């Protein structure tokens, strides 16, 4: 059984043209999706419904690859889910059909290229971190406020001003203010504990 999949982003008007081509291909059922293809596949309800409906031997048909997925990674994830069902993929405009040896080969090549790309990205990231470390650079997110601003924020907090107002005045999130205050409270608790230990030990 051939099952069609048609997708457009909001505001796009070519959904009917896709459905005509899919019917001409012999699709007995067509799933229609109006959503950006860049969304995670678990946030695309029609795609999920189609994947659940697939049975062994079925062929999922779309007019182009970008109607099913907008990234190679998403495409390979979807293709794997289709394979797990014992079904196949066919893209009309690109003449790709995984029911044929050539079509299956194309997908295997795409998968190998994707894995190679991921390994390169990982390797470059590790190399970049190592270089930064060797140069003495600080890794991780930069603080969103300077030491001078932190001093002013601490003074205003001590004076009893609201977190929301402080955050708004310095253009930072309330979460940033919370982290600063928690850090200062922890430091003060440690200082009080150390002081108590010192006084106890000097008796």
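The values are calculated or read from the model by the stated rules, or taken from the named source; none is laboratory data. All figures in this text were calculated on a predicted structure; none of them were measured in a lab. Methodologically, a virtual Cβ is constructed for each residue, glycine included, from the backbone with ideal geometry; neighbour enumeration extends over all protein chains shown.
In the set (1) at pLDDT 90 or above; (2) more than 25 Å from the chain's Cα centre (by Cα); (3) surrounded by 11 or more Cβ atoms within 10 Å (Cβ to Cβ), residue 50 fails one condition alone, (2).
For residues that are exposed (fewer than 15 other Cβ atoms within 10 Å of the Cβ) and in a helix (DSSP H, G or I), scanning just segment 95-113, find the one that is modelled with the highest pLDDT. Show your work before the answer.
Taking segment 95-113 and keeping what is exposed (fewer than 15 other Cβ atoms within 10 Å of the Cβ), we get 95, 99-102, 105, 108-109, 112-113.
Those left that are additionally in a helix (DSSP H, G or I): 101-102, 105, 108-109, 112-113.
Values: 101: 88, 102: 85, 105: 84, 108: 77, 109: 79, 112: 75, 113: 69.
Filtering first and then ranking leaves 101.
The set of residues from segment 30-62 being touching a helix residue (DSSP H, G or I) at 6+ places or on another chain (Cβ under 9 Å), within 18 Å of residue 87 (Cβ to Cβ) and assigned to a loop (DSSP other than H, G, I, E, B) comprises 54, 58.
Within segment 171-197, residues that are farther than 18 Å from residue 150 by Cβ and not assigned by TED's automatic domain parsing to the domain that holds residue 155 reach no partner that is modelled with pLDDT of 55 or more and loosely packed, with under 13 Cβ neighbours inside 10 Å with beta carbons closer than 7 Å at six or more positions or on different chains. Has segment 28-39 got at least one residue that is modelled with pLDDT under 90, in contact with a strand residue (DSSP E or B) (Cβ under 8 Å, 6 or more places away or on another chain) and surrounded by 15 or more Cβ atoms within 10 Å (Cβ to Cβ)? Scanning segment 28-39, I find at least one residue that is modelled with pLDDT under 90, in contact with a strand residue (DSSP E or B) (Cβ under 8 Å, 6 or more places away or on another chain) and surrounded by 15 or more Cβ atoms within 10 Å (Cβ to Cβ), so the answer is yes. Scanning segment 65-72 turns up one or more residues that are surrounded by 15 or more Cβ atoms within 10 Å (Cβ to Cβ), in contact (Cβ under 8 Å) with a residue 12 or more places away in the chain and under 19 Å from residue 99 (Cα atoms).
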